[in-house]
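This report refers to the structure that appears directly beneath it.
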Amino acid sequence: MLGALFWLMIETNWLRIRLPKYTPEPVKKLPDWRNVLRILNAQGILALAGIVGPLILVTMDLIAAFAEPKYSLVRQSMSSLALTSKGWIETIGFMLMGLMIESFTAGLYLNIKRRRGFGFGTALLVFFGFGMLVIGTFHTGTAGAPPTFSSIVHTVAADSVFGLFPIALALMLPSIKNDRRWHGMFRYTVITGVIALVMAASQPFLPHKFGFFGLYERIMVLNAITWLGTFAVRLLVLSFQLRETL
């Protein structure tokens, strides 16, 4: 009886049941992932070049050094390792490092807000990569032997590369400091530049038969390539962040 009455009230519009309206949430428009992949390909690949380059040089140096039983990582220079039977491994390391750093510098140049001096600073980083190619191509001379064209070019390239590296960092510092994405790397860059400057300036004053020259040189090289690798990692992280324009 009650059911029939309820049905009658609905049919005659005496009882109207109003259900809450369902409003679907607006669908967010996703970015075009093809654009995202294009950004990753541009920034990410250049960043990976800066990460892989230093790793290759360190790996090749250690492989060649341990493959020569009489070679000392502490006493002998990296350049002298190229004169051994496994020197071709060291040569490949320098040349690949140079190519990778030149590629990475292009990505760095395009992803930091440039201030005065930044362009010249990155140009010196490109020269750093080119210098690595020259160091790998022209070998140092044998100890005690008269200098050759190859050894002179090698020495000039090595001195120029590590002498200009702290100048490159100094020129890039204002841009790094004023770019909020890179500001956190400012102090590290200052420390790296000071270490590079002190070591490059003191190298000519080392004793002729300095017993720790190999270690000294490797610390100087590691200081520079670690900075490059760290900045490359930062660039890779930024490559995964979507741009607001997408």
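Assorted remarks:
- Selection status of Leu81, touching a Gly at 6+ places or on another chain (Cβ under 7 Å), of a type in the set (A, V, I, L, M) and on the phi < 0 side of the Ramachandran plot: yes
- All conditions in (1) closer than 26 Å to Ile63 by Cβ; (2) modelled with pLDDT of 95 or more hold for Ile101, with the sole exception of (2).
- Pairing each residue of the range 195-220 that is of a type in the set (D, E, K, R) with any residue that is part of a helix (DSSP H, G or I), provided the two are 6+ apart or on different chains, yields C-beta distances under 8 Å for Glu217/Met78; Arg218/Asp61; Arg218/Met78.
- Just one residue in the set Gly184, Gly229, Gly211 is more than 24 Å from Phe128 (Cα to Cα) and either surrounded by 13 or more Cβ atoms within 10 Å (Cβ to Cβ) or among the small types (Gly, Ala, Ser) (or both); that residue is Gly211.
- Members of the range 179-230 found to be acidic (Asp, Glu) and in a loop (DSSP other than H, G, I, E, B), listed by number: Asp179
- Qualifying positions in the range 109-145 - at pLDDT 90 or above, among the β-branched types (Val, Ile, Thr), more than 17 Å from the chain's Cα centre (by Cα) and crowded, with 21+ Cβ neighbours inside 10 Å: Ile135
- Pairing residues of the range 109-131 that are of a type in the set (Val, Ile, Thr) with residues that are assigned to a loop (DSSP other than H, G, I, E, B), at Cβ distances under 9 Å and at least 6 apart in sequence or on separate chains, gives Ile112/Asp179; Ile112/Arg181; Ile112/Trp182; Thr122/Ile112; Thr122/Arg114.
- The residue that is nearest to Leu173 (Cα to Cα), among those in the range 67-105 that are assigned to a loop (DSSP other than H, G, I, E, B) and in contact (Cβ under 8 Å) with a residue 40 or more places away in the chain, is Ser77.
- Members of the range 120-157 that are among the hydrophobic types (A, V, I, L, M, F, W, C) and within 14 Å of Ala82 (Cα to Cα): Met132, Leu133, Val134, Ile135, Phe138, Ala143
- Some residue of the range 106-123 being assigned to a helix (DSSP H, G or I) and more than 19 Å from Ala232 (Cβ to Cβ): yes
The values are calculated or read from the model by the stated rules, or taken from the named source; none is laboratory data. None of the values given here were measured: they were computed from a predicted structure. In this analysis, Cβ positions are derived from the backbone assuming ideal geometry, glycine residues included, and neighbour counts consider all displayed protein chains.
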